[in-house]
Each structure stands twice: as C-alpha cells, then as structure tokens.
Amino acid sequence: MINNKKEKNMTKKTPMTTFCITGALEKFKRIDAIVEIHNKTNARFVSGVSSQTDYLISSRKDTTKAKRAKSFGTQVIDETEMMAFIKAGVFPVKRV
C-alpha cells in the first residue's frame with residue numbers, strides 16, 4: 001500500500017529534469033547546490049550542456065556556455081530562479 005503523502009511527493013518531483021551549473025554561486029558552494037537541487041527536486045546534474053540539458057544555472061548570461069545552452073534551447077536561469085525552484089520542490093520539465 002502506498003502512503004498518499006509519499007505518492008504526492010513522488011509525483012511533484014521531476015526525475016527527468018537535468019541541470020548544469022557554470023560559474024560561481026553567491027549563496028552555495030557548487031557541490032552543496034547540486035545536492036540541494038537533487039534532494040529537493042530530484043533533478044539530475046550533468047557536467048556539460050547538450051541538447052538534453054533542461055537548465056543551465058549561471059550568474060552571467062553572456063558566457064560561451066550560456067550561449068551554447070541557448071542554441072540548444074536550454075533555459076538559462078540565475079541563482080534567484082534556482083532558489084525559487086528549490087523552494088517549490090520542482091524544476092519544470094522543459095523538453096517536449
């Protein structure tokens with residue numbers, strides 16, 4: 001028998017969402033951000049940007065990696081947006 005509360009939490013998380021981090025973060029060490037995002041949203045960290053990457057977390061939108069991400073259709077977000085997703089417990093799935 002599945003606990004309803006546990007089932008709600010499982011459906012809220014998005015295991016298919018992938019994210020990459022580039023550059024320095026202000027409020028987190030990189031590893032702490034990766035662990036926090038995974039634990040709260042179940043998103044998966046990838047080390048590089050590809051067409052399969054949903055989000056790039058970057059403090060600057062003009063970097064080579066950010067430009068490459070945009071060319072793949074990856075959404076580039078900043079640390080504030082990242083924090084909002086962590087608080088909500090979900091990264092919206094962007095791939096169709």
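Observations on the model:
- Stokes-Einstein D (µm²/s) once Rh is taken as the Kirkwood radius of segment 13-88 over alpha-carbon pairs, at 20 °C in 1.002 mPa s: 176
- Between residue 52 and residue 39, the contour length at 0.36 nm per residue exceeds the alpha carbon distance by 2.6 nm.
- When only the Cβ of Lys, Arg, Asp and Glu is charged (+1, +1, -1, -1), the dipole of segment 14-58 relative to its Cα centre reaches about 60 debye.
- When the Cα positions of 52, 24, 82 are compared along the charge dipole of segment 13-88, 52 comes out farthest toward the positive end, with charges on each C-beta of Lys, Arg, Asp and Glu.
- Remark: the residue 59-residue 83 segment gains 7.4 nm on full extension, using 0.36 nm per residue and subtracting the alpha carbon distance.
The numbers here are math on the coordinates, done by the rules we state, and not lab data. In this text, all values refer to a predicted model and were calculated from it rather than measured experimentally. For neighbour counting, all protein chains shown are included, and Cβ atoms are generated from backbone atoms with ideal geometry for every residue, glycine included.
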